[in-house]
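Every number here is computed from the coordinates shown, using simple stated rules; none is lab data. Treat the numbers as computed from the prediction; the structure is a model and nothing was measured. So basically every Cβ, Gly included, is an ideal-geometry build from the backbone, and we count neighbours across all protein chains shown.
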Amino acid sequence: MTFFFNCSVLNLSVIILILLSITLRYAKELERYYYYYYCCVGATLLVPTSTTPTTTTTTLAVPTYSEPFQCDGIADIVLALDRSVVNPTEWNYTLQYLVNISGRFEIGPEKTQIGVVSFSDSAYVEFYLNNYTDQSSVADAIEKINNRNGRRYYNFVAALRKVRNEMFNSANGARAGACKILVMVAFCNGIHQESIWTIIPEALATQSTGVEIIMVGLASRCSRYTLPLMASRPTNETVFWFTSPKDIMSTCNDVADVTCQMAKRCATTTGH
């Protein structure tokens with residue numbers, strides 16, 4: 001009797017383990033299918049062209065972008081910077097990138113306003129939309145942003161909440177009728193602190209307030225599934241990849257062009 005009882009318990013344990021392994025396997029598949037349904041139906045998924053990291057030198061030599069232009073669109077633009085990068089040279093490339101993007105726009109109370117947020121495990125306001133009113137002061141403020149020792153965390157949810165609730169707030173310079181654009185630069189170098197199940201509601205809540213979201217990510221570290229979840233559609237126009245910190249400059253033209261087009265599109269619909 002004891003023998004049969006032990007066999008029954010053993011068989012039950014085996015069955016439970018088999019069911020558990022099947023559940024875990026298909027849970028991962030369901031998550032993947034949910035991503036494709038949400039993000040890819042009716043839109044082209046932009047996949048990184050390279051996943052091979054590029055070695056950077058310690059000497060900062062920022063490449064110049066070609067065909068510079070200056071956009072006269074009316075927009076409130078927030079640049080969100082991932083602090084998970086810890087290498088000082090990589091950090092300098094990123095700051096220069098933000099300077100280059102902001103330099104493409106006519107800055108002023110009646111033109112484009114620029115604000116900056118940084119994020120790691122939490123999100124931090126570097127400066128609000130109405131803190132600086134010309135290109136020179138915006139560039140100086142960006143160059144002075146400290147890396148806070150580069151904590152190896154990145155929390156997209158915290159960044160999205162900070163942008164939605166604080167940056168695009170009229171008390172902090174956000175203007176009614178101005179196009180609201182978020183450009184988020186992600187290095188994804190460390191611990192990702194949230195799942196797609198928490199990212200999706202935050203991204204949708206941010207977009208529902210009229211914010212257009214552009215994602216710029218490091219192809220060798222950032223998930224090609226996660227970044228498009230946050231970006232506005234179609235994602236083949238709002239998700240950009242770079243292969244190394246220095247290579248981020250190669251996206252400057254395209255990101256600035258898309259941002260300018262969004263600003264002018266908003267100006268047309270709002271009558272500015």
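Brief remarks follow.
- For segment 103-193, trypsin sites (Lys or Arg not before Pro) are listed when DSSP marks them as loop and at most 10 other Cβ atoms sit within 10 Å of their Cβ; the list is 144, 148.
- Amide H contacts of residue 117 (H built 1.01 Å from N, under 5 Å, at least 5 apart or other chain): 79, 80, 81, 126
- Burial ordering of 262, 249, 215, fewest other beta-carbon atoms within 10 Å first: 249, 262, 215
- Ordering 197, 241, 91 from the fewest to the most neighbouring beta carbons within 10 Å gives 197, 91, 241.
- Per-bin percent of Cα-Cα distances, segment 70-270 [10 Å]: 9, 41, 40, 10, 0
- Dividing the mean sequence gap of close Cα pairs (under 8 Å, 6+ apart) by how many residues segment 175-262 holds gives a relative contact order of 30 percent.
- Each residue of segment 152-163 is assigned a 3J(HN,Hα), and the resulting list reads 7, 9, 8, 10, 5, 4, 4, 5, 4, 5, 4, 5 Hz, derived from the Karplus form 6.51 cos²θ - 1.76 cosθ + 1.60 (θ = phi - 60°), x at Gly and Pro.
- Label-point gap, in nm, between residue 86 and residue 169 - each point 7 angstrom along Cα→Cβ: 3.3 nm
- Qualifying GluC sites (Glu not before Pro) for segment 73-112 [loop in DSSP, other Cβ within 10 Å: at most 16]: 106, 110
- Using a Förster distance of 41 Å, the FRET efficiency for residue 205-residue 136 (Cβ separation, nearest 0.05): 0.75
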